[in-house]
Every structure is written in C-alpha cells, then in structure tokens.
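First up is the structure itself, then whatever we jot down about it.
What follows draws every value from the coordinates through simple rules; no lab data is involved. Remember, it's a predicted structure, so these values are computed and weren't measured experimentally. So basically every Cβ, Gly included, is an ideal-geometry build from the backbone, and we count neighbours across all protein chains shown.
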C-alpha cells in the first residue's frame, strides 16, 4: 500500500514539475486561477494512466522581469553594504519579488558592514565572490574593481531600453575606459545640517550659508569668533583627487590620461584655503583628515558644531543619539565647488565578471535598482531613486513633515544633475595616498603648497610610468 | 643490533604537526613567496623578484614606522617598573585588597578595541580631559589631543602601558609571593628602609619574571596595531605620527591592496623580531653566567 502511495505522489510530482514555469521572464498577475485538467501519461508504451491533477496555468510576463535569457534554476548571491538590520524587510521583500518575477532563480543574501572591502577582496581572491555586489560610487569602489577586470561590463550586457530607465548622468558615472560597470542604486543629497543653537549665535541666517565652497573660511572664522566652536569639515581623504576636481575645478590628469597634473594654480589655491583654516584654528583637525565620516557626524551630534555636511539619511543617527538636538536642526543646500557640479552618485549595484549565472546576476542587480525597488527604499530612508519613473510615485509629491524629508521636493532635479566628472585615474589609490602624504605637512606643518603638490605629481607620474 | 622503526610516535605527533604546518609553516612560506611578487589579493600574484625589498629600503614611511615601533619599546621598561610597583602595593594583607587586584586586572581582560575607543573618547575634543581642564580654567578652548602629531605616539604608549600593567602585575605578584619572608626579615635587621628592602630583595628575586616580561612586552610593543588603529581612527595619526610597522603593513596590504609589498614588510619585521629576541636571550644568558 505504502509503495502505491509513494508511486502516486511521484507521478503527481512529475506532472506538476512538467507544468512548472520557466526561469526566463514570466510570472505576473492577474492572479492565475487554479483549474482542473486531464493529463494523459503513457507508461511502458502500453499502459495508459489517466489522472486528475490541479495545476496553475503559466501566468503572463512580469513587467519587472526585463532581462532576457536568465539561466533556469540559477543560484546567485548578493552582498549589500550596511543595509542590515534596519532594512532587512526591504531586502527580503525585494528578493521575494525578484524570485516571483524570475521563477526558479534562487537568491542568497548577505549583508557586510565595516569589513565589507576586506571580505570582498578575500572573496575575489578565493574565487567565491558574490554574483551581485552593492558598491559605493562615492568612494570609487566601482572603478577600482572594474579596472582589475573583476566586474561585468554592463554597457555590453544590458539592453538599451533598460539603460534608458536610469538618469543618464548616473548611468555614465564612474566609467572605466568608456564603459559602465554599475546599475545606479540609491542616491544621496548633500545637505548642510545646521544646529541652530550654535549657528544662531553668529547672527547669520541659515539662508545666508555660503553657496560655494570658497565661502567656508569666512564663515568658520565668524563661527569661531562668535561661538568658540570649530567647523566640522571633512576632506575626502580616500579620494582627494576627486575633491580637487569638484571643489577646485582642478585638472588632475592630462587628456591622454598619462600624466598627473594636480599641481596647477586651482589645486594649489584649494589646498591653501584649507591650510588657512587650520592655521586660523577654525576647523576641527581630527575631522578634517579622518577616513571615518562618523567622526564628524559624532562631533555634530554632540551639539558642539554649527553645521555638518551629510546626507538626509543620517539625520536619523542624530535623532537617535541626541534627541534633544533634533528640534534645533535645519538644513540648507550644500555649497558647490568651482566645477559647479553638485557631486557624484552614492551607490551602485555591480555584477561579478565571473558569475556562473551572469544573466540572472544582471537581472537581480537591475531588479534592486528598478523604479519600484527604488521607491520602496526611499520610503524607508531619506535616500533618492536613480530612476526618473520613481518620482511619479505620490510619495515624492506628498508634503514633507520630518526634516529628513526636507530635500524631497528638489530630489529629482538634484539627482538628475549628479555626474562623475573625474576621468579614469591610473593607480588611483596609490596616487591618493601620495596626495594625502603631500598635503598633511601643508595643512599641519606650514609646508609650501605648490612644492608639496609638485613633488606629489612627480611621484605619481613615476609610479604610472 | 638495529632499532625497529615505529610509526607510533609520529602518529601521536601528527595532529600537532598538521596544525603547525597548516597555520604556521604554510603561511610563513606563503608570505616569503608573496614578498617577491606584485599581489593585490584579488588577482593572481606576479613575480617581481627583489623589487619590493628594494622599494622598502628607500621607503621613508617604512623607516618612520620602524622608528616609531622601536620608540614604542619605551613601553617595556615603563611597564616593568610600574607593574612591579603595583604588584608590591597589592602584595599586602589588607582588607579588600583582592578587589584592587581584580580592578587592576580588568584592562587585561578587556578588548583592545574597547580600550582604544574609551581612550579616544577621553582625549576627544569634547572628552573628559578637556572637560576637566576647561572647568578648572586651565584651558579656554578644547585642545585637540589626538590631532597633535607630537602627542600621538606618547598617548599610544601610555594606552599600551595602562592596558598592560594589570597583566604583568599578576606575573610579578606571583613572583613576589615566592620570595621567602626570611629575606625581608634579614634586610630589616640589616637596617634597610622599605624602599631599600624591595630594591635589594624583591627586584633580584623577580629577575626571572623581569626577563619574561621584558621579552614578551617588547615583542608585543614591536607588533602593536589595535591601539593605533582605534586611537587614530585608522589613519596612523596626522602625518603618520603614530604609524607603527604592523599598522603600515595593514595599510599596504588591506587599504591599498599591495599584499606583496605588505609581505615584504612582514619579512622585515620578522627579521627585526628575530634579531631582537636573540639579543635579548644572549644578554640574559650572559647575565646569568656572570651571576
């Protein structure tokens, strides 16, 4: 008897398996209605078995499944950066939607935090790097891995119709030899977070905040004189060359990309501006050269700084760690540098060049960054979508209540203007290290800015010969 | 008469040999190999011969890190002196003395990262030190202790000494309790003061512990990393003022992905450590022979 039951179960599973949906784009509401059908199975060419089974008809194509030829039964891994535990539900929901849109594909998710880069480097070394990787565009990670040939060229792997769903500037940010290696993911808006308790003592109004970076020295002097506090300003020490491009409008490399040129008058003036602030004693020196943006944020959160440049998403940290300060916060647009460009994007989703299932991996990276997924994340944190279509969601036209949402009305315009204007820089990390070691004596030891940068250029050029 | 070969002792040794081979010998051989390569961890290593060592010889940051690591050895005699004094102080039969012993030992069982973060908070612009000094009117505005290059290394050494006293105190305490009481009685009869008593009895009696602590703490000082990582927020201090050899190794290997160059630094450190240990041991042997 038991054998017969097992046999019947096996038969039923074979029949159901034969009717399972393929992995390629499919599956979408309207919800399919189960119905009874009769299937005929021929056994041993002579015996005919008729059995009634309940099957679900194959649904129509899912509009979110836009990548073709996804490998059936692919098993892929995605690594995110600092999304757990706050955004666990969002990530799990997104993966569930993805698995529904691409039936048969299984996704394993891991979130990595402080050790993300070390873990990723080790994984690439061991040959078991994830298929899909959440990489920082701001920190230049996409170009670092793409330059080593570790990421998939998405310009070749993605249909034009999909590329067109993103803001053009974001798709082209951080190109390596003219090609793109990331799906633009969530974006940030640079704002100046102002502590009115301190700032109001200067007699200035938040709307008087400098519109350009070169207005900061005078402001910091006023703040020091009137309040005795220091400016909470941070150099991007992990990417100084980019900061020179955006803030100083400096040309850091020759047009042919073979000679560094970051010792021009613009770069020298930019460095002298910061050295002047250090000399005047108007900036917090720890924050100025830290690699950890939390150092500056913590100083601001302690209530001892008049302003701090950050993203609206980090206001929640201020609220959590110093609720008393939250009521005194206001925001203004962050000043721009001489380049006039507001900045580059924040995060991207990239695909491992050696993924066993490249199409499934591309599909997942695209899915995380599509209009619906972007909106879902924006509703949970003050980050902004990389796809214009997302801004059609009523969420973005609803009036702002919390200060975190104050940038919402201008978000679409801001994000559409984000662009990476830094060309491909050979041996970028090493050259950045050279620059950092050149500028520290200028900032803190009175060394000559021109000589320091010229020496650094000579070293950098020797390195790339 | 020939001895019959037996596998039995090798079988007993096999597990330990296997662990040693996998976790010590293989990594050492790998590091030696990688030190002759250009290796970024993510892509296969490329043989470059002596290039890393030649670069190392002219690398000013490497020599600065080496200099700082050697300066860090100041921690060793400081630790020995302070640990002996602390051990003498807690080696008394006073009510509640065990509580003090336990309290002094707390840093030894605390994580170095937690210790570093605590000290960073203490010396922060808005930290306790500035708070006290400003309340007392000694400072008018916060002093940036951790952004003052001249202070980075002394603060790091102070942190290491503070964290190490408890552990080494226990070593000296155990030594003190093995010194026969009759020797102190004899010293007292000879007219020694309290200080002289310890100078002439305790210190000579603690010689084996002093040797042990000297070797262990100086090797630890050469390998210091955690304190630098935390106290300088992963920068090595302004103008590399607090950079040590292991921190520089980490920066090259993990921040800049030059694992080949970092391996060459590791080999240089190995050479220094070996030389240092040999000199240390020879000196001690020489002294014991003289005694």
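Evaluated at 25 °C with a viscosity of 0.890 mPa s, what Stokes-Einstein diffusion coefficient in µm²/s does the protein assembly as shown have when Rh comes from the Kirkwood expression over alpha-carbon pairs? Each step should come with its number before you reach the end.
Details: Rh = 30.6 Å.
Result for D is 80 µm²/s.
Measuring from centroid to centroid over Cα atoms, what is the spacing of the range B:20-63 and the range A:136-210 in Å?
So the two Cα centres are separated by 36 Å.
Roughly how crowded by other chains is peptide A:119-126, in terms of the mean Cβ count from those chains within 10 Å of each of its Cβ atoms?
That works out to 3 on average.
Quote the convex hull volume per residue of the range B:161-291, based on C-alpha atoms, as a whole number of Å³. Walk me through the numbers before you get to the answer.
Numbers: hull volume 17.8 nm³, N = 131.
Hull volume over Cα atoms, normalised by residue count, gives 136 Å³.
What is the distance, in nm, between label points placed 7 Å from the Cα along the Cα-to-Cβ direction at residue B:61 and at residue A:402?
4.0
Peptide A:280-291: average number of partner chain Cβ atoms within 10 Å per residue? List each step's numbers first, then the result.
Details: counts 0, 2, 0, 0, 5, 7, 12, 4, 2, 6, 7, 5.
So the per-residue partner count for this stretch is 4.
Enter the angle in degrees (range 0 to 90, nearest 10) between the Cα long axis of helix A:449-464 and the first principal axis of the Cα atoms of chain A, meaning the one along which they spread out most.
For A:449-464 against chain A, the angle is about 40 degrees.
Highest mean first, how do A:63-73, A:449-459, B:258-268 rank when packing is the count of other Cβ atoms within 10 Å averaged over residues? If you can, show how the numbers build up before the last one.
Numbers: A:63-73: 17.2, A:449-459: 18.7, B:258-268: 23.7.
Averaged packing, sorted descending, gives the order B:258-268, A:449-459, A:63-73.
Take every residue in peptide A:296-308, count the Cβ atoms of other chains within 10 Å of its Cβ, and give the average of those counts. Each step should come with its number before you reach the end.
Numbers: counts 0, 0, 3, 3, 0, 0, 3, 1, 3, 2, 0, 0, 0.
So the per-residue partner count for this stretch is 1.
Would you mind putting B:21-33, A:341-353 in packing order, based on average other-beta-carbon counts within 10 Å, highest first? Could the numbers behind the result be given before it?
Values: B:21-33: 11.9, A:341-353: 24.1.
Output ranking for B:21-33, A:341-353: A:341-353, B:21-33.
Kindly state, as a whole number, the per residue volume in cubic angstrom of the convex hull around the alpha carbon atoms of the range A:49-178.
Details: hull volume 22.4 nm³, N = 130.
Convex hull of Cα atoms, per residue: 173 Å³.
Taking N as the number of residues in the range A:403-465, what value does Rg over Cα atoms divided by 2.2 N^0.38 Å take? Please report the intermediate quantities before stating the final value.
Values: Rg = 18.1 Å, N = 63, 2.2 N^0.38 = 10.6 Å.
That ratio works out to 1.70.
Helix-only mean residue ellipticity at 222 nm, chain A, DSSP H runs n ≥ 4 weighted -39,500 (n - 2.57), per residue, nearest 500. What is it?
On the way: 21 runs with 187 residues, N = 465.
It lands at -11500 deg cm²/dmol.
Please figure out what share of the DSSP beta bridges in the protein assembly as shown is antiparallel and state it in percent, rounded to the nearest 5. Please list the in-between numbers first.
Numbers: 31 of 43 bridges.
Restricted to the protein assembly as shown, the bridges split so that about 70 percent are antiparallel.
Hey, what does the equivalent ellipsoid look like for the range B:62-290, semi-axes from the Cα gyration tensor as sqrt of 5 times each eigenvalue, largest first, whole Å?
Values: eigenvalues 247, 134, 39 Å².
Semi-axis lengths for the range B:62-290 are 35, 26, 14 Å.
List, largest first, the extents of the alpha carbons of the range B:1-85 along their principal axes, each in whole Å.
If we take the Cα atoms of the range B:1-85, the spans are 61, 53, 30 Å.
Mean separation of Cα pairs under 8 Å and 6+ residues apart, divided by the residue count of chain B: what relative contact order is that in percent?
On the way: 303 pairs, mean separation 87.0, N = 291.
So the answer I get is 30 percent.
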